[in-house]
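Have a look at the structure below, then the notes.
The values are calculated or read from the model by the stated rules, or taken from the named source; none is laboratory data. Being a predicted model, the structure only gives us computed values, none of them experimental. Positions of Cβ are backbone-derived with ideal geometry, glycine not excepted, and every protein chain shown enters the neighbour counts.
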Amino acid sequence: MWTWFHKFGSPPHAYRLLGKLAPWFGWTSLALILLATWWGLVKAPADYQQGDGFRILYVHAPSAWMSMFIYVVMAIAAAIGLIWRMKIAHAASAACAPVGASFTLLALVTGAIWGKPMWGTWWVWDARLTSELILLFLYLGYMALRSSFDDPQRADRAAAVLAIVGVINIPIIHYSVEWWTTLHQPASVTKMSRPTIALPMLIPLFLMIIGFQLYFGWVLCRRLRGEILRRERNASWLKEA
Amino acid sequence: MSLAPTWQAARLVLQRDLTLATRRWDEAAQPLIFYVVVTTLFPLATTPDLSQLRVISGGVVWVAALLASLLALESLFRSDVEDGTMEQWVLSGQPLGWLLLAKVLAHWILTGLPLVLMAPVVGTALGLPFSAWGTLMLSLLMGTGTLSILGGIGAALTVGVRRGSVLLSLLVLPLAMPLLIFGARAVAMAMDGESPSGPLQLLAAIFFLSLSLGPLAMSAAIRISVEN
Amino acid sequence: MSLQDFFEMGGYAAYVWPCYALTAIVLCWNAWAARRSEVAEQLAARRRMDHPSEGR
């Protein structure tokens, strides 16, 4: 396993491997996302309380999931980059940020839009949306710190420290926001009303999440390849690629 | 490894920073003045009615303390990095975390502690009752302490960045939101007669967590900022 | 579900469709940006190989 790990750290190997993986990730993710969309919009039965409006769940929940998942991946890659001094890990961390921030923004906007017919307002300070908002701030801060350095190595390492500090804070932030929202209103009013979901309604959700995950894999492959080329400016292996 | 040289070094750093600050009173006083000015903004923006202000008094004092602390944090490491002292510390072989913690402590004594002591005054101006003074001060004591450490990490990361103060705030504020939630809530509970021990204990837990992990992150960040 | 029902989404069309549209935009944008950055770096690398004496 370690040989694989260190092999991956070698840029020419990684470049080739990522190039081979990308189409697999890409096409399967496309298929799954389309399938999940059709299933969620057409095949799944309408909700008892929310009618067809609940179908927003099928894009909102996977986005929220990805926003958090990607941050964790970003932080783990950052830690690997710092500990083992692997440029590729830092490159992966950098590649995660724009996608992660996009999903966070998407989760926020779809959550807000979903809120209007459900609670009558465009924004509510409920636990999920507030946590996503703070997560967006963390992503933006990460990207701002990265871009404020001219030296790419320094940018990598400083951003890595920030990502790790951020990921440690995320459980604390989640818990404190959860605690904060239960103080003034009974839980039933503030929670995104999701009654016990029946299995036929869950399937498109799982399909969409897996589709998004594979999509993220594809995006990461593409961006990482670009980053590898950028960081290996004058290496001789480039001629073979 | 004997602890004595580290302890002495840390103590020297503490003494040096405190002495330096006494020669620049205005710099130490500015965050405090900012604090008072900001708390004045809220009644002006809303209402002079104390019974209404009372409801948000804990939150306003906390937010003002947060912002005033952030203002002061930008200069925490700047002068030492610029004149090369920090590089010496990194190379010295002394555990960097302790030296940085000593600096943070000095900084907190000069900027954080005055905010804590001044809090009952500005709180009362917003209608905060005497019964909540203790909770207000205790929560701010732990809160400003944690914030100094979190801010120290942010300052260490942004020390080389031009006009890094806005970036510093952008980085530190999201991390400080749990502090704000628990601290302000503790004060509100004390005002309502409930026991604030829950959120106060959570604040304490966060403080000790940052005390143990913070110096690690700070020294990593300083090394990155200083090394070539 | 008829085509009519599909478009109307039980009256929630104004909410459901913008959400799905935004999702499609986000996914397409990220895909395009990722591919574009990879291609840009490939072109830059090729340029450097063909003209090794030129500065970056």
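Worth a mention:
- Helices (runs of 4 or more DSSP H) lying entirely in the range B:1-115 (those with 3 or more residues that are under 15 Å from the mean Cα position of the chain (by Cα) and of a type outside the set (A, V, I, L, M)): B:25-45
- Among the residues of the range C:22-56, those that are within 10 Å of another protein chain (Cβ to nearest Cβ) and closer than 16 Å to A:Thr37 by Cα comprise C:Leu22, C:Thr23, C:Ala24, C:Ile25, C:Val26, C:Leu27.
- Unique match (being within 21 Å of A:Tyr175 (Cα to Cα), among the small types (Gly, Ala, Ser) and in contact (Cβ under 8 Å) with a residue 12 or more places away in the chain) among A:Ser93, A:Ser63: A:Ser63
- Pairing each residue of the range A:116-140 that is acidic (Asp, Glu) with any residue that is surrounded by fewer than 20 Cβ atoms within 10 Å (Cβ to Cβ) and in a loop (DSSP other than H, G, I, E, B), provided the two are 6+ apart or on different chains, yields C-beta distances under 8 Å for A:Asp126/A:Lys191; A:Asp126/A:Met192.
- The range B:160-172 - residue that is in a helix (DSSP H, G or I) and within 7 Å of chain A (Cβ to nearest Cβ) and, of those, surrounded by the most Cβ atoms within 10 Å (Cβ to Cβ): B:Leu171
- Of everything listed in (1) more than 10 Å from chain C (Cβ to nearest Cβ); (2) outside any loop (DSSP other than H, G, I, E, B), the single unmet condition for A:Trp122 is (2).
- Residue in the range A:132-154 that is closer than 16 Å to A:Met74 by Cα, facing chain B (nearest Cβ under 10 Å) and acidic (Asp, Glu) present: no
- Qualifying position, being under 20 Å from A:Tyr142 (Cα atoms), among the β-branched types (Val, Ile, Thr) and more than 10 Å from every other protein chain (Cβ to nearest Cβ), among B:Ile224, B:Ile149, B:Ile153: B:Ile149
- Any chance A:Ser102 is polar (S, T, N, Q), in contact (Cβ under 8 Å) with a residue 40 or more places away in the chain and either in contact with a helix residue (DSSP H, G or I) (Cβ under 8 Å, 6 or more places away or on another chain) or surrounded by fewer than 20 Cβ atoms within 10 Å (Cβ to Cβ) (or both): no
- With respect to the stated conditions, C:Gln4 is in a helix (DSSP H, G or I), exposed (fewer than 12 other Cβ atoms within 10 Å of the Cβ) and either facing chain A (nearest Cβ under 9 Å) or not hydrophobic (A, V, I, L, M, F, W, C) (or both).
- Any hit, the range B:187-203, residues being over 20 Å from B:Arg78 (Cβ atoms), under 13 Å from the mean Cα position of the chain (by Cα) and in a helix (DSSP H, G or I): no
- Test: residue in the range B:212-223 that is more than 27 Å from B:Val81 (Cα to Cα) and either buried (at least 16 other Cβ atoms within 10 Å of the Cβ) or of a type in the set (A, V, I, L, M, F, W, C) (or both): no
- Note on the range A:52-88: among residues that are buried (at least 19 other Cβ atoms within 10 Å of the Cβ) and charged (D, E, K, R), the one that is nearest to the chain's Cα centre (by Cα) is A:Arg55.
- With respect to the conditions (1) assigned to a helix (DSSP H, G or I); (2) at pLDDT below 95; (3) surrounded by fewer than 24 Cβ atoms within 10 Å (Cβ to Cβ), B:Leu138 falls short on a single one, namely (2).
- Residue check for B:Phe182: touching a residue at least 40 places away in the same chain (Cβ under 8 Å) and surrounded by fewer than 21 Cβ atoms within 10 Å (Cβ to Cβ): no
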